[in-house]
Structure formats: structure tokens, C-alpha cells
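None of the figures in this text is laboratory data; all of them are computed from the coordinates on show. Predicted model only: the values in this text are computed from it and were never measured. Quick reminder, even Gly has a Cβ in these numbers, built from the backbone with ideal geometry, and neighbours come from all protein chains shown.
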Amino acid sequence: MNVQAAILAAAIAYRCIVESTYPMPRTVAANVTADGARQRLEIPGDTIDRMGYDVLLSTNGGATYTAMNTKLKTWFGPVGALLPRDHGFAWHFIPGTRDVPVKKIVSSVTAENPHKFVGRLSFEAEMEMSVTLLVTTTDEAPFESAARLLDFSTGIQKVDAEWMPKLAVIHGFPVKIEMAITRHYEGGRPVTNLVTATVSDIHAIPAVPPLSFAVPNGYVHQAPVVSGPGVVKH
């Protein structure tokens, strides 16, 4: 069995890093183990103090996650991605999930080749917003084992109703995601947030015990309080 076939047939591990430039440079890393659609993301460093969790568990291929705080022995969820929208890592500019007036929505997602996809989105909602999305994928790892690193939704219902279905054209295991998100208030200067997510060191590992993908006994259900983008109170 060659290396690619071994990875596709086995549990795998890999490392992912997400970097953002606005309002200041930020980096979040995670070590991932996955067995089919079951995923465990372990987030080292001080991220637990900024985000309220240091482990994410999924049994549905990253569609949703249960978050754990191993310091406080608490869990909560669902969480939509390693970097959810409400932490402001990518969507710091968006005016929230309220139903704001929206106009001039233009969106598209196309395949430049079987492993590279380009998305473009623009709209007006209290400001002019534009997004360019580049996704590079591979067939050398199972799609259901790919961690959901970023939340591509804007939180604005009218925009997401048009934008999110078009992302279904993206297929394969994402190994690099690049986003440029620009806002422009009338009379002001455009401001851009650059977000990059990369996956590396994908390799096969021995079978993972099922309990690795479950909340341990004794953990208490308790969600942290997010008082602002990236500001967590326990």
C-alpha cells in the first residue's frame, strides 16, 4: 500500500495554523487527529484564555464542534469552526448577526482547476464589503477528516442565503485557505483583513480510541461569555 492509500484508509493527524492581520496580527494553531468524520482539535498556547476553549470535538466531519476547556473542566457548543465568526478573527468588520439592510449583493465561486477554487463576494450593509476567497485542496486525505478552520458565513441572513450555497462547489481536503476581507465606510479609507489558514504534516496514525472524540466524564456544561470580538470572560 502506498503512502496516499494508507492515509486515505487510516486515521490521520496533521497541524493547522490560522493567521489574521486585523486589528492586529494574530495566530491560532491546532493539532488535529481524525478518524473518518470524527475529529479532535487540540489548541496549544494561551488561546484558551482568549477563546474559552482548547479542545474541539466533532463526530460529523467538522459540520459542528463541541468545545472543551480543559482548565475549567467545562464544555459547550455547538461551535461552527476553529475560528468562529463571533470571535471576530476573520469577520471583525461585520456588524453582527442582526437583520441589517443589505443591497447590491454579488457573489460567485468557481473552480480554476480541480484543486483550486476562487470565491468573490461584495455587498453593502452599513458599509461596503468585499471578500476574495482562495481555497486549495488535495485528494490525498479524506474530505470528512478536514477540520473546519474558518466560518465563511457573514452572519447576515440575506447575504448568506446567496453566498453559502455557492461554496458547495469546493471539494477535496483543504490545505490552504486565503481570505481578503475589506470594508469601506463612506468618506473613510478602506481597511482590509488578510486571513490565511494552512494545513501541513498530514500522516497516517494508529487507530484512535473512540473516547478521544467524546467529552470526558465529570465535565460541566458551561459556555464562556464573549463580551467582544476575541474577548472571553469565564
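A few notes on this one:
- Residue-averaged 222 nm ellipticity for the chain, from DSSP H runs of 4+ at -39500 (n - 2.57), nearest 500: -2500 deg cm²/dmol
- Cα-centre dipole for the chain with unit charges at Cβ (Lys and Arg positive, Asp and Glu negative), debye to 20: 300 debye
- Net charge of Cβ neighbours under 11 Å - reference Thr196; Lys, Arg +1; Asp, Glu -1: -1
- In nm, spacing of pseudo-spin labels at Asp49 and Met164 (7 Å Cα→C-beta vector): 3.4 nm
- Asn31-Arg189 FRET efficiency (beta carbon distance; Förster radius 30 Å; 0.05 resolution): 0.20
- Residues Glu19 and Ala111, FRET efficiency given R0 of 35 Å [Cβ-Cβ distance, rounded to 0.05]: 0.90
- Peptides 199-206, 14-21 ranked from most to least packed give 14-21, 199-206, packing being the mean of other C-beta atoms within 10 angstrom over each peptide's residues.
- Asp201/Leu72 FRET efficiency (R0 30 Å; Cβ-Cβ; nearest 0.05): 0.50
- For segment 31-62 versus segment 126-166, the inter-centroid distance based on Cα atoms is 19 Å.
- Kirkwood Rh, angstrom, the chain [1 / mean 1/r, Cα pairs]: 18.6 Å
- The alpha-carbon of Lys71 sits under 20 angstrom from the alpha-carbons of these lysines, leaving out residues fewer than 8 places away in its chain: Lys233.
- J(HN,Hα) series, segment 131-136, from Karplus relation 6.51 cos²θ - 1.76 cosθ + 1.60, nearest Hz, glycine and proline x: 9, 10, 10, 10, 10, 10
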